[in-house]
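See structure below.
The values are calculated or read from the model by the stated rules, or taken from the named source; none is laboratory data. Since the structure is predicted, the reported quantities are computational estimates derived from the model, not experimental observations. Note that we place each Cβ from the backbone using ideal geometry, even for glycine, and neighbour counts take in every protein chain shown.
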Amino acid sequence: MDAWGKMDFPVVGLGASAGGLKALSAFFTAIEARDARPGMAFVVITHLAPEEESHLAELLQHRTRLPVTQVADSTEIEVDHVYVLRPNQTLLVRRGRLEPQARSADVPPHPVDDLFRSLGVECGPWAVAITLSGTGPNGSAGLPTVKENGGLILAQTQESCDFPDMPRNAVATGLVDAVLPPDQMIEVLARYA
């Protein structure tokens, strides 16, 4: 983060739901295969049942040497770290930190949209939004904010998805810069960083 509270390295938001673990595993396995630190931070948002405990941090830690943290409190975003959402919360980026917010019971949850919007506003051209396998439109509404602020948008290919709704809806916005299988996305990200 620079002296003005803005990010000075890419912050990559990854949104997924059904079939997302397979896509996330392929993504982080490809990063490990590069044998170099990626030089960016990763924030993983998945659809979680509010009453169930999440083991996503442990599962991803088996795929990467980068530290993987489930965010419980306000947390400074560090380069070469992976952050994951806790159940019944959403994560927002504010002044170089991840700020967990409790979900309102009377508002439909759109945690991927919430993250992408805050990424666009807070990280500007260092914001990266990636939509992976999942059902429904979550993620699409946050993409315009990323694009308006100069960020990069990627989506998973429908052929590589178990559930293509989320990436298909992202592509339909006309804002996606590249559509790739998860294991090829790091090549684009490495050039972006």
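Taking the numbered list (1) of a type in the set (D, E, K, R); (2) exposed (fewer than 15 other Cβ atoms within 10 Å of the Cβ); (3) touching a residue at least 24 places away in the same chain (Cβ under 8 Å) in turn, residue 99 passes all entries but (2).
Confirm whether residue 114 is touching a Gly at 6+ places or on another chain (Cβ under 8 Å) and charged (D, E, K, R). It is true that residue 114 is touching a Gly at 6+ places or on another chain (Cβ under 8 Å) and charged (D, E, K, R).
Taking every residue in segment 19-31 that is outside any helix (DSSP H, G or I) and pairing it with any residue that is of a type in the set (Asp, Glu) and surrounded by fewer than 24 Cβ atoms within 10 Å (Cβ to Cβ), at least 6 positions away or on another chain, the pairs with Cβ-Cβ distances below 7 Å are 19/162.
Just one of the listed residues (150, 139, 124, 120) is at positive phi and in contact with a Ser or Thr (Cβ under 7 Å, 6 or more places away or on another chain), namely 139.
Can you confirm whether segment 123-142 contains a residue that is within 12 Å of the chain's Cα centre (by Cα), assigned to a helix (DSSP H, G or I) and not basic (Lys, Arg)? Yes, because at least one residue in segment 123-142 is within 12 Å of the chain's Cα centre (by Cα), assigned to a helix (DSSP H, G or I) and not basic (Lys, Arg). From the residues in segment 135-193 that are among the hydroxyl-bearing types (Ser, Thr, Tyr) and either at pLDDT 95 or above or closer than 19 Å to residue 45 by Cα (or both), which one is surrounded by the most Cβ atoms within 10 Å (Cβ to Cβ)? Residue satisfying both the conditions and the ranking: 140. When residue 98 is tested against (1) touching a helix residue (DSSP H, G or I) at 6+ places or on another chain (Cβ under 6 Å); (2) farther than 26 Å from residue 160 by Cα, just one condition goes unmet, and that condition is (1).
Would you pick out the residues in segment 6-50 that are touching a helix residue (DSSP H, G or I) at 6+ places or on another chain (Cβ under 7 Å), over 21 Å from residue 149 (Cβ atoms), of a type in the set (A, V, I, L, M, F, W, C) and surrounded by fewer than 22 Cβ atoms within 10 Å (Cβ to Cβ)? Once the filter is applied, which keeps residues that are touching a helix residue (DSSP H, G or I) at 6+ places or on another chain (Cβ under 7 Å), over 21 Å from residue 149 (Cβ atoms), of a type in the set (A, V, I, L, M, F, W, C) and surrounded by fewer than 22 Cβ atoms within 10 Å (Cβ to Cβ), segment 6-50 yields 21, 26, 30. The set of residues in segment 68-78 that are within 16 Å of residue 14 (Cβ to Cβ) and assigned to a loop (DSSP other than H, G, I, E, B) comprises 71, 77.
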